[in-house]
Structure formats: structure tokens, C-alpha cells
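Take a look at the structure below.
The values are calculated or read from the model by the stated rules, or taken from the named source; none is laboratory data. Please read all numbers here as calculations on a predicted model, not as lab measurements. We work out accessible area using only protein heavy atoms, side chains counted, and drop any ligands, DNA or RNA first. Shrake-Rupley method; radii C 1.70, N 1.55, O 1.52, S 1.80 Å.
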Amino acid sequence: MRPLTVALLLGTVLIAGCDRQSEPQPQANATALAEPKGPEPTGKLDIAERGTAAPADSFLDPAGKPVTLADFKGKPVLVNLWATWCGPCVREMPTLDHIADRAGDRLKVLTVSQDAKDVDIGPTFAKGGFKHLERYRDPDNKLGFAFNTGMLPTTVLYNKDGKEVWRVIGAMDWNGPRANTLLAEYIG
């Protein structure tokens, strides 16, 4: 299959998978970063890839330099794939910022945007006031293809050796009881 065809198929799947339950929200909507109302969002926990090595695909660090997940080996890493157009992704970002704060040096939280190169993710970070998240980008969706879930948000935990522990497909309240249980070993 040609790369353009694959990219178009992944984009279609991601758009179809993200935020199926609610009406699309404009990117500038102030409610997008508000605390979720109603029951705690709980994505699907998947342990089928437990023990699998992190993908070797590169993505961009906040300075625009290529990095891989192997660059973070030696410390557990929580990798969150998100996009500015994905309502559930944007709504869970403040809870990921809180986890990054609580975890300190015990866990690296990477939020990796799957937006196209020409999309400015800065306004989402500015509006959210994130103090502990950095602006990683994956404009070619290499991690999205490697994770192969077809849905955003997708969050994967890797242990200090770069092996997958679990993944959550869909939104999660990372301050909620379920997330606290999943992360207890890493953040206390």
C-alpha cells in the first residue's frame, strides 16, 4: 500500500474513532479544557502488548529535533497520543498535566500531538496553562501507526526498560480512581 493511501486511511480511522459520543467542539471552545461532567471517562484497558518493546519510530521533541522512545529508557514513560481536533484528547490534557506534576522524576509524561505539521498546538497549551507537559509532535503519525489502535486518545505506559505495561484506548480521567490504581506503582 502506498504511504499516502495509508496516511489517508489512518486519518479517516482516527477521525471516526475520536469522540464518537458527542458533537464536535470548535477548537477554541472554552469548555474543551473544563473538568469533565458526569461519570469518569474510562477508555479501554488493553494488556495484549504487555512486554513488547517500544516502537523505534521517531517523533519531534519541543525543539523540533527527532527523538525516539528509547531516548527515555531508564525511567517509566507514559505516552499519550492526542490531537487538537479531538475533544476527549483536549479534555484529558489537564489531568495528564496533573499526573506529570505528581510523578515528578519517577515517571516521564509525553503528550505527543498527532496534528499535521501546519497545525499550531501552542494555543491548546496556552489555554490549558500546562506547566508540566511539553509540546512533542508526531506530524507523520509514526507512533499512531506503530500503536495501531485507530483511536485518539491512546495512552501507553512503558516501564524503565522500554517494555509496554498497558495501554488505554480512549479518554481517561488521569486524576480518577482507575488511573490512580493503574499508576500507583509509578507515582505512589
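Numbers below:
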quantity: Region 41-188: radius of gyration and largest Cα-Cα distance (Dmax), Å; calculated: 13.8, 39
quantity: Set of lysines with alpha-carbon distance to K131 below 16 Å, sequence-local pairs under 8 removed; calculated: K108
quantity: Potential lengthening between F145 and A48 on full extension [0.36 nm per residue; Cα-Cα distance subtracted]; calculated: 33.3 nm
quantity: Other-chain or far-sequence residues with amide H under 5 Å of V109's (modelled H); calculated: L78
quantity: Amide proton proximity set for W166, modelled H, under 5 Å, gap of 5+; calculated: L157
quantity: Protein accessible area in region 50-188, 1.4 Å probe - carbon and sulfur %; calculated: 50
quantity: In Hz, Karplus ³J(HN,Hα) per residue of region 57-74 (6.51, -1.76, 1.60; θ = phi - 60°; x = Gly, Pro); calculated: 5, 8, 9, 9, 7, x, 8, x, 8, x, 9, 10, 5, 4, 5, 9, 4, x
quantity: Gain upon complete extension [K127, K65; 0.36 nm per residue less C-alpha separation]; calculated: 19.9 nm
